[in-house]
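First the structure, in the form of structure tokens, and then the observations on it.
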Amino acid sequence: MTLPEKEKLIINFNRCDNWEEKYLYIIELGKKIPIISENLHIPENMIHGCHSQVWIKISPQPDNTILFEGDSDSVIVKGLIAIVFILFQNITFSEIMIIDVKYWFNKLSLMRHITPTRSKGIEEVVKSIRSNIKIYLNNLNDNKNNIEILY
């Protein structure tokens, strides 16, 4: 299973007649999050600051996009994570750093319907992803500088 593109997410979300259907769609999205690694559920991948248990793993790809993996012990939270992944999929590192996740959550009217603790948890997920991208880019630059010094 794969996650839909942003535009398809909005179309599907707007097709839901009520919030019960939207919650069911969010749960369905969570079931589509890929779990490829056997070591996803390790302390290094756990997101702190979430009420639920959440694990996120990012794997930078050669085309400057990211392969996302994630899981949660809450089906709603897992679905919300899927929405974050949808927003971040197929865009570059620099685009991930600047995309306004709250704008998209407001566009889907999610901010009015999720609890403050879930909202805070999603903010922590986004912060963690961006922090890991910064670390990756810094390491990449350090390695590049070390290679240049050798020549």
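Between a residue in the range 88-112 that is of a type in the set (A, V, I, L, M) and any residue that is assigned to a helix (DSSP H, G or I) and open to solvent by 40 Å² or more (accessible area, probe 1.4 Å), which pairs come within a Cβ distance under 6 Å, given they are 6 or more apart or on different chains?
97/130
Is it fair to say residue 120 is open to solvent by 80 Å² or more (accessible area, probe 1.4 Å), among the basic types (Lys, Arg) and closer than 18 Å to residue 29 by Cβ?
On the way: open to solvent by 80 Å² or more (accessible area, probe 1.4 Å): yes; among the basic types (Lys, Arg): yes; closer than 18 Å to residue 29 by Cβ: no.
Against the criterion (open to solvent by 80 Å² or more (accessible area, probe 1.4 Å), among the basic types (Lys, Arg) and closer than 18 Å to residue 29 by Cβ), residue 120 does not qualify.
Scanning the range 95-111 for residues that are more than 14 Å from residue 122 (Cα to Cα) and in a helix (DSSP H, G or I), which turns out least open to solvent (accessible area, probe 1.4 Å)?
If we take residues in the range 95-111 being more than 14 Å from residue 122 (Cα to Cα) and in a helix (DSSP H, G or I), then 96 is least open to solvent (accessible area, probe 1.4 Å).
Listed here are the residues, each with its yes/no results for (1) under 24 Å from residue 123 (Cβ atoms); (2) touching a residue at least 60 places away in the same chain (Cβ under 8 Å); (3) in a helix (DSSP H, G or I).
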| position | (1), (2), (3) |
| --- | --- |
| 2 | no, no, no |
| 9 | yes, yes, yes |
| 17 | no, no, no |
| 21 | no, no, yes |
| 27 | yes, no, yes |
| 38 | no, no, no |
| 50 | yes, yes, no |
| 59 | yes, no, no |
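Every residue, every condition in (1) at pLDDT 90 or above; (2) buried (at least 19 other Cβ atoms within 10 Å of the Cβ), yes or no:
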| site | (1), (2) |
| --- | --- |
| 26 | yes, yes |
| 31 | yes, no |
| 40 | yes, no |
| 51 | no, no |
| 83 | yes, yes |
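If you scan the range 108-145, which residues turn out to be among the basic types (Lys, Arg) and under 15 Å from residue 58 (Cβ atoms)?
127, 130, 134
Out of (1) modelled with pLDDT under 90; (2) open to solvent by less than 60 Å² (accessible area, probe 1.4 Å); (3) not in a helix (DSSP H, G or I), what's the single condition that is false for residue 137?
(3)
Could you list, in sequence order, all residues of the range 53-70 that are among the β-branched types (Val, Ile, Thr), surrounded by fewer than 21 Cβ atoms within 10 Å (Cβ to Cβ) and more than 14 Å from residue 137 (Cα to Cα)?
None; the set is empty.
Of all residues in the range 1-24, which are closer than 21 Å to residue 56 by Cβ and surrounded by 15 or more Cβ atoms within 10 Å (Cβ to Cβ)? Break it down stepwise before answering.
First pass over the range 1-24, keeping only residues closer than 21 Å to residue 56 by Cβ: 1-6, 9.
Result: 3, 4, 6, 9.
The values are calculated or read from the model by the stated rules, or taken from the named source; none is laboratory data. The structure presented is a predicted model; accordingly, all values stated were derived computationally and were not measured. Cβ: placed from backbone, ideal geometry, glycine included. Neighbour counts: every protein chain shown. Ligands, DNA and RNA are stripped out before the accessible areas are found, and what is left, the full protein with its side chains, is counted by its heavy atoms. Shrake-Rupley method; radii C 1.70, N 1.55, O 1.52, S 1.80 Å.
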